[in-house]
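A short write-up of the structure that comes next.
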Amino acid sequence: MGKKSILIIPERCTGCRACQVACKQWNDLPAKKTKFTGNFNSPADLSAVNFNRINFTEVPSEKDPIRWLFVSQRCMHCTDAGCMKICSTPGALTRNEEGAVVTDQEKCAGCHLCIAGCPFNVPRYGKDGKLAKCTMCADRIPKGMAPACVHTCPPQALTFGDRDELIASARKMGYPVIYGQMDLGGLGTMIAFKDAPSLYGFADKPAINNAIIFWHKFLKPASWLGIGGMTALMALHYFGIGPKNEKEDPEEEKCMCQVPVPTKEEGKHETQ
């Protein structure tokens, strides 16, 4: 199998959230209680039980009083993945044959370093202290099935297939630049924007923090060799977070002590 990708076309998205439901059902994720916070985002953020969500953005419009922008937020499956660079446990984050970044919760040490390594603020941890995120339905693709969210999307705002073919298709549809085509080595989740990515809440030029690159190239190999492992971690903390600022008066310190959704049973008979 060649490298596969998901292509998101925001202009087609109706905000129905069928992809969210499909993701939960296929991955056996529980519901999470939410409340109205002044906008229509539900859930308000990704979590260990919400691998994918539709972000609702209101922007001014010349034709209408308001313009709605919908876009799916999820793991972008970077080729040059910051989470994989900084991961402290071999095998906790790996890349499969299709190019997706896959998690192994049994090997995850719960160090939370991947949070600092991700340019898209995706990693989330559950109550068990383990990383949980979108894996691009790594258990469906080898069986010839598309990811559950793609299979369910009514307006086909999500498409899945060969990465090069998706890029060529997006260009034919009039998208001269595909977000993620070249960024971070090429993203496994690409977006066909007609407007600036920043209008949708995405960085125009996503990049990995320089401290993560320094860790990956110099400090991580040293720690694997057993040479200055603690020094390496201290240096990463210094460059990534900064030095600790001591307070002058210690007495002032305080202790911060209705869409068809595929099921796994149905998936056995489903073809891509």
Report task. With 27 Å as the limit, write out which pairs from Lys107/Lys143; Lys33/Lys205; Lys3/Lys172 have Cα-Cα distances beyond it, or answer none. Result -> Lys33/Lys205
Query raised in the report: Using the Cα atoms as the points, what is the convex hull volume per residue of region 160-201 in Å³?
Result: 76 Å³
Query raised in the report: Leaving out ligands, DNA and RNA, what percent of the accessible area of region 57-98 is carbon and sulfur, probe 1.4 Å?
Result: 52 percent
**Report entry** Inter-site label distance for Asp128 and Asp162 at 7 Å from Cα along Cβ, in nm
**Finding:** 3.8 nm
Query - Mean Cβ count within 10 Å, highest first, over the residues of peptides 40-49, 143-152 - result: 143-152, 40-49
Requested in this report: Quote to one decimal, in nm, the extra length available between Glu106 and Thr94 on full extension: 0.36 nm per residue of separation minus the C-alpha distance between them.
Outcome: 3.0 nm
Query - For region 104-115, 3J(HN,Hα) per residue [Karplus equation, 6.51 cos²θ - 1.76 cosθ + 1.60, θ = phi - 60°, Hz, x = Gly/Pro] - result: 10, 5, 5, 9, 4, 8, x, 6, 6, 5, 4, 4
Requested in this report: Please list 7-14, 129-136, 159-166 highest first by mean number of surrounding beta-carbon atoms within 10 Å per residue.
Outcome: 129-136, 7-14, 159-166
Query raised in the report: If R0 is 25 Å, what FRET efficiency do you get for Phe40 and Glu11 from their C-beta distance, rounded to 0.05?
Result: 0.85
Report summary line: Surrounding charge for Cys153, neighbours by C-beta under 12 angstrom, Lys/Arg +1, Asp/Glu -1, total +2
Query raised in the report: For Ser42, what is the net charge nearby, where nearby means another residue's Cβ is under 12 Å from its Cβ and Lys, Arg count +1, Asp, Glu -1?
Result: +4
Report summary line: Summed over the other residues with a beta carbon less than 11 angstrom from that of Arg67, with K and R at +1 and D and E at -1, the charge totals -3
Query raised in the report: What does the accessible area per residue of region 16-69 come to in Å², with a 1.4 Å probe and no ligands, DNA or RNA counted?
Result: 62 Å²
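The values are calculated or read from the model by the stated rules, or taken from the named source; none is laboratory data. Computed from a prediction, not measured in an experiment: that's the story for all the values here. Cβ atoms come from the backbone with ideal geometry, glycine included; neighbour counts cover every protein chain shown. With ligands, DNA and RNA removed, areas are computed over all heavy atoms of the protein, side chains included. Shrake-Rupley method; radii C 1.70, N 1.55, O 1.52, S 1.80 Å.
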